[in-house]
Amino acid sequence: MKQDLIGRFREVNQTFPRTREIIDFKNNGGMVFGWFCTYVPEEIIHAAGGLPIRIVGHSTETELEDGTAYFYVNNCSFSRSCLQLGLRHEYDFLDGIVGGSTCDGARRLFDLWRIYIQTPFHCIMTVPRKYTDRAHDLYNSQVKHFKDLLEEFVDLPITDEALLKSIALFNESRELLRSLYDLRRLDSPPISGAEIMEILNASFRMPKELFNQHLQELLHELQQSDGGRPKPLRIMLVGSVLTNPQFVKSIEDLGAIVVCDELCTSTRYWSDLVVLGNGLPPLQALSRRYLNNFPCARMYPSTERFDRIVALAKAFGVHGVISETIRYCVPYAHDLPLLADHLKQEGLPMLTLDVEHGTPGSGQIQTRVQAFFEMLEARTL
Amino acid sequence: MTSSLQNTNRIDALVRATRLMYRMSKARPEPRQSELLYYQMLIRYYERLLKARENGDFVAAHTVFFPSEVLYAMDIAPMHLETTSWMTALFLGEYADLLAAGAELGLASEICSPHRGLAGAFSIGALPKPDVVLWSNMVCDNTAKSGELLMKITGCPGHFLDHPFQDSSEEIAYFTDELKEMVAFLEDHSGRKMDWDRLSLVVGNMDKQLEILRSIHELRKAIPSPFHPQGFLELLTVDYLFAGHPEATEYLETLRQELEEAIAQGKGAVAKERYRLMTLFLPPMYLIGFLEKMSQEFGAVSVAEPFFCQWGDGKLDPKRPLESVALKSYMIPEMNMYAPMGDRAITKIRTAAQEFRIDGAIYYADVGCRHTCATIKLFKDILDDMDIPVLTLDCDVVDPTITSQEEIRGKLEGFFELLDDR
């Protein structure tokens, strides 16, 4: 039963970008908008009647001839992979793209997409790198500008009422994912890290209404189930983008369970709720949430990210941390020496892996992970 | 965070190297006056850093495009980090130990080499400890992410200046407020108050310099080109290190006069100009001397660098000095590479190619610079439409292990042959 329920998410992932849900949505006259980065408030697209989906590349390691030709080889394979899918018309159904000035790869991906793929609607927001009141004011003005442009494009007003409904729906999704993650705190989690990744991948590839329904059913099933024998090592994954569940499985197959993560495509995507109240207009509540959300390595100061990683690691009782950085992902690569020091002070060992996007965890990676686990086992015994 | 590698003081070495360059330039039969001024400025810049401790100077290490006008107005000694990296490669030809020290800190090889080298240089004491570290996100992720590690290595306090991506009025106002906050930080740490009258003077000087820079840009349209083949690097350095300084005005005025005289006499920078080139991004610093020689040998001159020498429009207002510093940050030619790659940047390339009568373009594809390399195909397509060939040279701005002199020579010769065939 559990596998059937997870299979629903897997099916979405296997057929993405041309999923049945997206095609149905388009056939019913809906507009689909692709977003590039977790600093884009999806709720605005939803409140405009659109379907927000995340633009991601191939989930497996693939030759990136087109992506590299347009991007050059020294850009991260995630950006190249995304562009390649776009250039190969896999995202032709999109009515618009929305990005943020979050990193060099993301902003150039937006530029090249706009120029060469020419999706009709396009908007890129300036995303400040600080959390000051001033930064919030600027980001709020950028979010408002995006909303204004979108209203003009869809030729419909985006009302506060619609925004509140969308916020409630997306918050529900976040709450459900939190409940799912809470199960991973157990000594014997009833779901593996690789399975979690299937769910997370689907979370930004399908309508939230359907996703929430599927996840509720899965949660109900998992809450009744027994996790089985505990694995000796509990691992946390940190880093940039990761969408290949096989990579996580290759780690877990070596005798561990991945119990939490801090990735663009996991906790950093869903973790914080939009907090309404105190007379805060919904748009402002949204922009506060997105700028204050679990930070990307681009944000300053980095200690905000590091402290939250440590808090997560402690809450989930991890024995060690594996950092995966996609090659040429400069913000995360720059953070590594500082993060390693930070974790060391907390007694948390870290293994750093430089990978290409979509890697399933090659032999060499497995050898390094195996050695890391042996070291962890020696510490925990 | 320290390294086991050995320290040699790079600032001391830079002072000696720039003095030598000055003497060599002066010894030429017809020394270029602007070049002598340039080396004198460099000597003073690095001498000040060398003697900063004994003179009680307050030293601020800062990343590229950081508005040094503010430091000048506060009489704070600036240490331009990336330029110091480049100078080390250009004048001393020594960079491997700094990169090795950076690697020892755990910095991945895909982080750009000037930044890996800088972190390495501080960790082995090859660069003196500053009093503060200042950095911004102008113009890439490397600059944005470099400061915190440098703070940790040097044990210095630091301040990050957040430069918005686009240039709406809200964003310019945001950056002006960021500058105000940075002034307060500097006042706190240096014990020096901002001299607002002096900042107004500096802004006035800068406005004058912008006017000269724009006119120099125009003069370079002349055929034959009056400016020496890699001369734009001098212009860059002058803005990076001496923005708003009176001696920068003197340098620029002298250079402008030299160019005007050369044009009047029909004198070109190379004996026989054959190829007028557009340069996209920075050539390897350790090969500048070699590239100069090749330019002379083949009659190839870089006459247009749209992202280094083509300043944006607008005037600075000394009565609103901080706002003007903020505004200037959006006029910097390189900011066209940072902002959304829109029609403005594309038009700049097209216009420059036409107005400067370009025969070919060279894209120096620095392996560590992602945001520029991601435009290679785009710029090539634009120039292809204009029937202008583009040579892409894989290289690194300071690391000589990426490409060799022989390899670059071979590719350039092939490119010049192609231009001849056309």
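The values are calculated or read from the model by the stated rules, or taken from the named source; none is laboratory data. No experiment lies behind these values; they were computed from the predicted model shown. Note that each Cβ is placed from the backbone with ideal geometry, even for glycine, and that neighbours are counted across all protein chains shown. Only protein heavy atoms, including side chains, enter the accessible area calculation; ligands, DNA and RNA are left aside. Shrake-Rupley method; radii C 1.70, N 1.55, O 1.52, S 1.80 Å.
Say whether the condition of being at positive phi and modelled with pLDDT under 95 is met by at least one residue in segment B:67-89. Working first, answer last.
Step one: filter segment B:67-89 for residues at positive phi, giving B:75.
Next, from what is left, pick out any that are modelled with pLDDT under 95: none.
No, segment B:67-89 has no match at all.
With respect to B:Gly368, is the statement that it is within 14 Å of chain A (Cβ to nearest Cβ), buried (at least 22 other Cβ atoms within 10 Å of the Cβ) and modelled with pLDDT under 95 true?
On the way: within 14 Å of chain A (Cβ to nearest Cβ): yes; buried (at least 22 other Cβ atoms within 10 Å of the Cβ): yes; modelled with pLDDT under 95: yes.
Yes: the conditions hold for B:Gly368.
Is it true that some residue in segment A:3-12 is open to solvent by less than 50 Å² (accessible area, probe 1.4 Å) and either polar (S, T, N, Q) or under 24 Å from A:Asp95 (Cβ atoms) (or both)? Full working, then the answer.
Looking only at segment A:3-12, we keep the residues that are open to solvent by less than 50 Å² (accessible area, probe 1.4 Å), and these are A:5-7, A:9, A:12.
Filter again for either polar (S, T, N, Q) or under 24 Å from A:Asp95 (Cβ atoms) (or both), leaving A:12.
So far as segment A:3-12 goes, yes, one or more of its residues are open to solvent by less than 50 Å² (accessible area, probe 1.4 Å) and either polar (S, T, N, Q) or under 24 Å from A:Asp95 (Cβ atoms) (or both).
Only one of (1) open to solvent by less than 30 Å² (accessible area, probe 1.4 Å); (2) without any contact (Cβ under 8 Å) to a residue 40 or more places away in the chain; (3) within 20 Å of A:Asn212 (Cβ to Cβ) fails for A:Asp24. Which number is that?
The failed condition is (1).
Return yes when B:Glu305 is under 30 Å from B:Glu181 (Cβ atoms), in contact with a Phe, Trp or Tyr (Cβ under 8 Å, 6 or more places away or on another chain) and of a type in the set (D, E, K, R) and no when it is not.
no
Give segment B:340-357 a look and list any residue that's within 14 Å of chain A (Cβ to nearest Cβ), part of a loop (DSSP other than H, G, I, E, B) and surrounded by fewer than 18 Cβ atoms within 10 Å (Cβ to Cβ), or say none.
Result: B:Gly342, single match.
Do you know which residues across segment B:371-389 are away from chain A (no Cβ under 14 Å) and either buried (at least 19 other Cβ atoms within 10 Å of the Cβ) or in contact with a strand residue (DSSP E or B) (Cβ under 7 Å, 6 or more places away or on another chain) (or both)? Walk me through how you get there before you give the answer.
As a first pass, look at segment B:371-389 and keep what is away from chain A (no Cβ under 14 Å): B:383, B:386-389.
Answer for segment B:371-389, where residues must be away from chain A (no Cβ under 14 Å) and either buried (at least 19 other Cβ atoms within 10 Å of the Cβ) or in contact with a strand residue (DSSP E or B) (Cβ under 7 Å, 6 or more places away or on another chain) (or both): B:Leu383, B:Ile388, B:Pro389.
Mind listing whichever residues of segment B:319-365 are free of Cβ contacts under 8 Å to residues at least 60 places away in the same chain, under 23 Å from A:Gly99 (Cα atoms) and within 18 Å of the chain's Cα centre (by Cα)?
Within segment B:319-365, just B:Asn336 meets the criteria.
Give me the pairs: first residue in segment B:234-251 and farther than 19 Å from B:Phe91 by Cα, second residue open to solvent by 20 Å² or more (accessible area, probe 1.4 Å), beta-carbon distance under 6 Å, and six or more apart or on different chains, which are they?
Matching pairs, first to second residue: B:Gly244/B:Tyr72; B:Gly244/B:Asn205; B:Thr249/B:Asn205; B:Thr249/B:Lys208; B:Tyr251/B:Leu37.
Hey, can you tell me all the residues within segment B:114-155 that are away from chain A (no Cβ under 12 Å), assigned to a helix (DSSP H, G or I) and either in contact with a Cys (Cβ under 9 Å, 6 or more places away or on another chain) or closer than 24 Å to B:Met341 by Cβ (or both)?
Selection gives B:Pro114 alone.
Does A:Thr102 meet the test of being more than 20 Å from the chain's Cα centre (by Cα) and not in a helix (DSSP H, G or I)?
On the way: more than 20 Å from the chain's Cα centre (by Cα): no; not in a helix (DSSP H, G or I): yes.
No.
From the list A:Ile97, A:Ile115, exactly one residue is outside any helix (DSSP H, G or I) and at pLDDT 95 or above. Which is it? I'd like the intermediate steps shown before the answer.
On the way: A:Ile115 fails: outside any helix (DSSP H, G or I).
Selected residue: A:Ile97, the only one of A:Ile97, A:Ile115 that is outside any helix (DSSP H, G or I) and at pLDDT 95 or above.
Out of A:Leu138, A:Leu164, A:Leu177, I need the residue that is away from chain B (no Cβ under 14 Å), surrounded by 22 or more Cβ atoms within 10 Å (Cβ to Cβ) and touching a helix residue (DSSP H, G or I) at 6+ places or on another chain (Cβ under 9 Å). Which one? So that I can check it myself, show each step before the final result.
Values: A:Leu138 fails: away from chain B (no Cβ under 14 Å); A:Leu164 fails: surrounded by 22 or more Cβ atoms within 10 Å (Cβ to Cβ).
Selected residue: A:Leu177, the only one of A:Leu138, A:Leu164, A:Leu177 that is away from chain B (no Cβ under 14 Å), surrounded by 22 or more Cβ atoms within 10 Å (Cβ to Cβ) and touching a helix residue (DSSP H, G or I) at 6+ places or on another chain (Cβ under 9 Å).
Within segment B:321-338, does at least one residue satisfy the condition of being crowded, with 20+ Cβ neighbours inside 10 Å and more than 25 Å from B:Glu69 (Cβ to Cβ)?
no
Identify, by number, the condition in (1) more than 13 Å from chain A (Cβ to nearest Cβ); (2) at pLDDT below 95; (3) surrounded by fewer than 24 Cβ atoms within 10 Å (Cβ to Cβ); (4) not in a helix (DSSP H, G or I) that B:Ala100 doesn't meet.
(4)
Give me the residue from segment B:56-81 that is of a type in the set (Phe, Trp, Tyr) and farther than 13 Å from B:Trp135 by Cα and, out of that set, least open to solvent (accessible area, probe 1.4 Å). Lay out the reasoning, then the answer.
The initial filter retains those residues of segment B:56-81 that are of a type in the set (Phe, Trp, Tyr), namely B:58, B:65-66, B:72.
From what is left, the residues that are farther than 13 Å from B:Trp135 by Cα are B:58, B:72.
Numbers: B:Phe58: 23, B:Tyr72: 44 Å².
So, considering only residues that are of a type in the set (Phe, Trp, Tyr) and farther than 13 Å from B:Trp135 by Cα, the one least open to solvent (accessible area, probe 1.4 Å) is B:Phe58.
When only residues in segment A:310-339 that are part of a helix (DSSP H, G or I) and open to solvent by 40 Å² or more (accessible area, probe 1.4 Å) count, which is nearest to the other protein chains (Cβ to nearest Cβ)? Give the steps one after another, and end with the answer.
So the first thing to find is which residues in segment A:310-339 are part of a helix (DSSP H, G or I), and the list is A:310-315, A:330-339.
Cutting the leftovers down to open to solvent by 40 Å² or more (accessible area, probe 1.4 Å) gives us A:311, A:314-315.
Details: A:Ala311: 20, A:Lys314: 23, A:Ala315: 25 Å.
Step by step, filter segment A:310-339, then rank; the result is A:Ala311.
Please tell me if B:Arg53 is more than 14 Å from chain A (Cβ to nearest Cβ), open to solvent by 20 Å² or more (accessible area, probe 1.4 Å), without any contact (Cβ under 8 Å) to a residue 40 or more places away in the chain and in a helix (DSSP H, G or I). Working first, answer last.
Working: more than 14 Å from chain A (Cβ to nearest Cβ): yes; open to solvent by 20 Å² or more (accessible area, probe 1.4 Å): yes; without any contact (Cβ under 8 Å) to a residue 40 or more places away in the chain: no; in a helix (DSSP H, G or I): yes.
No: the conditions fail for B:Arg53.
All but one of (1) surrounded by 22 or more Cβ atoms within 10 Å (Cβ to Cβ); (2) at pLDDT below 95 hold for A:Leu83; state the number of the condition that does not hold.
(2)
For the subset of segment A:257-302 comprising residues that are of a type in the set (Phe, Trp, Tyr) and part of a helix (DSSP H, G or I), which member is farthest from A:Lys165 (Cα to Cα)? Spell out the reasoning first.
From segment A:257-302, those of a type in the set (Phe, Trp, Tyr) are A:269-270, A:290, A:294, A:300; that's our starting set.
Going one step further and asking which of them are part of a helix (DSSP H, G or I), we end up with A:269-270, A:290.
Details: A:Tyr269: 20, A:Trp270: 17, A:Tyr290: 17 Å.
Here the residue is A:Tyr269.
This table checks each residue for (1) buried (at least 22 other Cβ atoms within 10 Å of the Cβ); (2) in contact with a helix residue (DSSP H, G or I) (Cβ under 7 Å, 6 or more places away or on another chain); (3) more than 14 Å from chain A (Cβ to nearest Cβ).
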| site | (1), (2), (3) |
| --- | --- |
| B:Tyr174 | yes, yes, no |
| B:His189 | no, no, yes |
| B:Asp195 | no, yes, yes |
| B:Gly244 | yes, yes, yes |
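Output yes when any residue across segment A:59-70 is open to solvent by less than 10 Å² (accessible area, probe 1.4 Å), part of a helix (DSSP H, G or I) and within 30 Å of A:Leu164 (Cβ to Cβ), and no when none is.
Start the filter on segment A:59-70 by keeping residues that are open to solvent by less than 10 Å² (accessible area, probe 1.4 Å), which leaves A:67.
Filter once more, so that each one left must be part of a helix (DSSP H, G or I): A:67.
Those still in the list that are within 30 Å of A:Leu164 (Cβ to Cβ) too: none.
Taking every residue of segment A:59-70 in turn, none turns out to be open to solvent by less than 10 Å² (accessible area, probe 1.4 Å), part of a helix (DSSP H, G or I) and within 30 Å of A:Leu164 (Cβ to Cβ).
Check segment A:76-85 and report whether any residue there is within 8 Å of chain B (Cβ to nearest Cβ) and not in a helix (DSSP H, G or I).
Yes, that holds for at least one residue.
Taking segment B:197-242 as the search range and keeping residues that are in a loop (DSSP other than H, G, I, E, B) and open to solvent by 10 Å² or more (accessible area, probe 1.4 Å), which one is nearest to B:Leu282 (Cα to Cα)?
Pass one, segment B:197-242, residues in a loop (DSSP other than H, G, I, E, B): B:220-231.
Now narrow it down to the ones that are open to solvent by 10 Å² or more (accessible area, probe 1.4 Å): B:221-224, B:226, B:228, B:230.
Values: B:Lys221: 20, B:Ala222: 23, B:Ile223: 23, B:Pro224: 23, B:Pro226: 21, B:His228: 16, B:Gln230: 10 Å.
Taking the candidates together, the pick is B:Gln230.
Working only within segment B:151-161, note down all residues that are out of contact with any strand residue (DSSP E or B) (no Cβ under 7 Å at 6 or more places or on another chain) and free of Cβ contacts under 8 Å to residues at least 40 places away in the same chain.
As a first pass, look at segment B:151-161 and keep what is out of contact with any strand residue (DSSP E or B) (no Cβ under 7 Å at 6 or more places or on another chain): B:152-153, B:155.
B:Gly155, the sole residue that qualifies.
Among residues belonging to segment A:118-135 that are in a helix (DSSP H, G or I) and open to solvent by 10 Å² or more (accessible area, probe 1.4 Å), point out the one that is farthest from the other protein chains (Cβ to nearest Cβ). Please lay out each step first, then the result.
Just the residues of segment A:118-135 that are in a helix (DSSP H, G or I), to begin with: A:133-135.
The next check asks that each one be open to solvent by 10 Å² or more (accessible area, probe 1.4 Å); those that pass are A:133-134.
Details: A:Asp133: 10, A:Arg134: 6 Å.
Out of the qualifying residues, it is A:Asp133.
Scan segment A:99-108 for residues that are facing chain B (nearest Cβ under 8 Å) and open to solvent by less than 10 Å² (accessible area, probe 1.4 Å) and report the count.
Our first condition is that a residue be facing chain B (nearest Cβ under 8 Å); within segment A:99-108, this holds for A:101, A:103-105, A:107-108.
In the following step, the residues that additionally are open to solvent by less than 10 Å² (accessible area, probe 1.4 Å) were identified as A:101, A:104-105, A:107-108.
The qualifying residues number 5.
Please tell me if B:Ser200 is small (Gly, Ala, Ser) and within 12 Å of another protein chain (Cβ to nearest Cβ).
Numbers: small (Gly, Ala, Ser): yes; within 12 Å of another protein chain (Cβ to nearest Cβ): no.
For B:Ser200, the condition - small (Gly, Ala, Ser) and within 12 Å of another protein chain (Cβ to nearest Cβ) - is not met.
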